[in-house]
Amino acid sequence: MFYEKDQARGIEGTFMWFMEEVGELSSALRENNDSENLAEEFADVLAWLATMANVAGIDLEQAIAQKYVQGCPRCHQPICTCDLSRKP
């Protein structure tokens with residue numbers, strides 16, 4: 001939808017928009033906003049993440065499938081069994 005604008009903005013400019021959306025999501029989560037607003041903020045973050053991947057030439061769907069096809073990247077279980085203190 002916005003590919004030409006995204007390409008013209010570049011990865012740095014696109015990253016700044018992404019971070020702004022992450023900040024808005026953070027605020028909405030802290031303020032316990034209504035579910036409709038939270039859904040909109042999650043959608044914005046996901047859209048800008050996909051945009052960054054496109055600008056960087058990354059097929060996001062393929063990247064996710066490769067990393068998570070066998071479950072958790074650390075324990076390789078379909079439902080992670082890693083210790084909670086470790087990032088999976």
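The values are calculated or read from the model by the stated rules, or taken from the named source; none is laboratory data. If you're wondering where the values come from, they're calculated on a predicted model, not measured in any experiment. Cβ: placed from backbone, ideal geometry, glycine included. Neighbour counts: every protein chain shown. Note: accessible area is taken over every heavy atom of the protein model, side chains too, but ligands, DNA and RNA are not part of it. Shrake-Rupley method; radii C 1.70, N 1.55, O 1.52, S 1.80 Å.
Some notes on this structure:
- Helix-derived mean residue ellipticity, 222 nm - over the chain, DSSP H n ≥ 4, -39500 (n - 2.57), to 500: -23000 deg cm²/dmol
- Dipole of the chain, positive end: most advanced residue of 70, 53, 18 [Cβ charges, Cα centre]: 70
- Residue-normalised accessible area of the chain, given per residue in Å² at a 1.4 Å probe: 79
- Build a GNM of the chain with springs between Cα atoms under 10 Å apart, and of 23, 71, 57 the one that fluctuates most is 71.
- When a 1.4 Å probe is rolled over the protein heavy atoms, the share of accessible surface on the chain that falls to carbon and sulfur comes to 58 percent.
- Read-out P(r) over Cα pairs in 10 Å bins from 0, in percent, derived from the coordinates shown; its label in (1) 19, 58, 22, 1; (2) 15, 39, 23, 13, 7, 3, 0; (3) 16, 29, 37, 17, 1: (3)
- Residue among 22, 55, 69 with the largest mean-square fluctuation in a Gaussian network model of the chain, springs linking Cα atoms under 10 Å: 69
- Computed magnitude of the charge dipole of the chain (debye, nearest 20; Cβ of K, R +1, Cβ of D, E -1): 640
- Residue of 56, 47, 65 that the Gaussian network model of the chain assigns the largest fluctuation, springs spanning Cα pairs under 10 Å: 65
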